[in-house]
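First comes the structure, then the notes that go with it.
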Amino acid sequence: MDKTWTLYVLRCGDGSLYTGITTDVEVRLAAHRAGKGAKYTRGRLPLELVYSEKCGTHSDALKRELAIKALPREEKERLCNL
């Protein structure tokens, strides 16, 4: 059985937003906080999960990630504040 993929957005300590995908948000967040996640987040602690949404397949999650990353910051902030 295929795993359900989730898109997530983190707010970094410097106020920037990081968008990624995973099959387990809690495990991935712990990896980011331990410095074993994306290189981008390593020097930007602390990290706060501000948004997540189920996407279904890996392909769906990748497409959604690209769409979110293409949004202007103002729209990303609006999405995270829903």
task: Treat each spin label as a single point 7 Å out from the Cα along the C-beta direction, and report the Asn81 to Lys69 distance in nm.
output: 2.5
query: For the chain, the longest stretch holding no trypsin sites (Lys or Arg not before Pro) located in a DSSP loop with at most 14 other Cβ atoms within 10 Å is which?
result: 37-82
task: Read phi for every residue in region 32-39 and hand back ³J(HN,Hα) as whole Hz from Karplus 6.51 cos²θ - 1.76 cosθ + 1.60, θ = phi - 60°, with x for Gly and Pro.
output: 4, 5, 8, x, 10, x, 5, 4
- request: Calculate one ³J(HN,Hα) per residue across region 7-22 by plugging θ = phi - 60° into the Karplus curve 6.51 cos²θ - 1.76 cosθ + 1.60, and present them in order as whole Hz with x for glycine and proline.
  value: 8, 9, 10, 10, 9, 7, x, 8, x, 6, 10, 10, 10, x, 10, 6
- request: Take the Cα atoms of the chain, find their three principal axes, and give me the spread along each one in whole Å, biggest first.
  value: 37, 29, 20
statement: For the chain, the per residue accessible area (1.4 Å probe, Å²) is 63
statement: Of the accessible area of the chain, computed with a 1.4 Å probe and all protein chains kept, carbon and sulfur make up a percent value of 53
task: Quote the charge dipole size of the chain about the Cα centre in Debye, to the nearest 20; the model charges only the Cβ of Lys and Arg (+1) and of Asp and Glu (-1).
output: 280
Summed residue charge, Cβ within 11 Å of Ala34's Cβ, Lys/Arg positive, Asp/Glu negative: +4
- prompt: At 222 nm, what helix-only mean residue ellipticity would the chain give, in deg cm²/dmol to the nearest 500, using -39500 (n - 2.57) for each DSSP H run of four or more?
  reply: -11000 deg cm²/dmol
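The values are calculated or read from the model by the stated rules, or taken from the named source; none is laboratory data. This one's a predicted model, so the numbers in the text were calculated from it and none came from an experiment. So basically every Cβ, Gly included, is an ideal-geometry build from the backbone, and we count neighbours across all protein chains shown. Please note that ligands, DNA and RNA were not included when accessible areas were found on the heavy atoms of the full protein model with its side chains. Shrake-Rupley method; radii C 1.70, N 1.55, O 1.52, S 1.80 Å.
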